[in-house]
Amino acid sequence: MQSKQKVCAIVAVGPDNVIGKNGVMPWYCKSDFYHFKKITIPNPCIFGRTTFENLPIAPLPNRFNLVCSTQYKNEYKDGIFYANSVESALKECANYSSVFICGGAQLYKYAFDNDLIDVLYLTIIKNSKLEQDIQKNPKSYQRFLPSVSNFFKSSKWNVKQICYTSKELPKDTNNTTAEFFKCYRVR
């Protein structure tokens, strides 16, 4: 008998819960890319349509890529599964012990609103230039919901920091820093 599939979400969040601008991440952080790759390989990754279309490399190598949109008809094309719902995508991953929800904002919101997430891998991005732009143009950004602060305050989540050695992480040279956390749902 197979144990329950673990549904994980992985997200990088900037100042003011920002995760995107015009469908892409508004920062470049090598250490976050390293972390994302390390955590998600070899697990399936589920994306919303816009997020998938804006990946720098698609499909992501060494992972089963699934894309969700109500426009799709649950079919394979070029090794990618195009699902008409999150539930269809999860069902397609039934033989995997873990699966990752990788964004965007609507997909995260749906997964949290429907209590699907068991583990959240959270990267907090700090970049002062981005913070200033968000203050000037707050409506031009997409945000992660629920608020990141909820995970640190809530008794429903157990939060642990993930630490890498300085030798493990690539150097970021654009005044961007990242902190990594693993948040377990208390059930």
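Assorted remarks:
- Enumeration of residues in the stretch 60-94 that are within 22 Å of Asn114 (Cβ to Cβ) and among the aliphatic types (A, V, I, L, M): Leu66, Val67, Ala83, Val86, Ala89, Leu90, Ala94
- Here no helices (runs of 4 or more DSSP H) wholly within the stretch 69-187 include at least 3 residues being of a type in the set (A, V, I, L, M), in contact with a strand residue (DSSP E or B) (Cβ under 8 Å, 6 or more places away or on another chain) and surrounded by fewer than 16 Cβ atoms within 10 Å (Cβ to Cβ).
- Test: residue in the stretch 73-87 that is within 11 Å of Pro44 (Cβ to Cβ), within 14 Å of the chain's Cα centre (by Cα) and either modelled with pLDDT of 95 or more or hydrophobic (A, V, I, L, M, F, W, C) (or both): no
- Any chance Ile41 is open to solvent by 30 Å² or more (accessible area, probe 1.4 Å), in contact with a Lys or Arg (Cβ under 7 Å, 6 or more places away or on another chain) and either within 21 Å of Asn150 (Cβ to Cβ) or among the hydrophobic types (A, V, I, L, M, F, W, C) (or both): yes
- Figure legend. Inter-residue proximity from the stretch 148-159: first residues under 13 Å from Ile124 (Cβ atoms), second residues loosely packed, with under 14 Cβ neighbours inside 10 Å and among the hydrophobic types (A, V, I, L, M, F, W, C), beta-carbon distance below 7 Å, spacing 6+ or different chains. Indicated pairs: Val159/Phe152.
The values are calculated or read from the model by the stated rules, or taken from the named source; none is laboratory data. From a predicted model like this one, the values you see are computed outputs, not experimental measurements. Ideal geometry is used to build each Cβ from the backbone, glycine not excepted, and the neighbour counts take in all protein chains shown. Please note that ligands, DNA and RNA were not included when accessible areas were found on the heavy atoms of the full protein model with its side chains. Shrake-Rupley method; radii C 1.70, N 1.55, O 1.52, S 1.80 Å.
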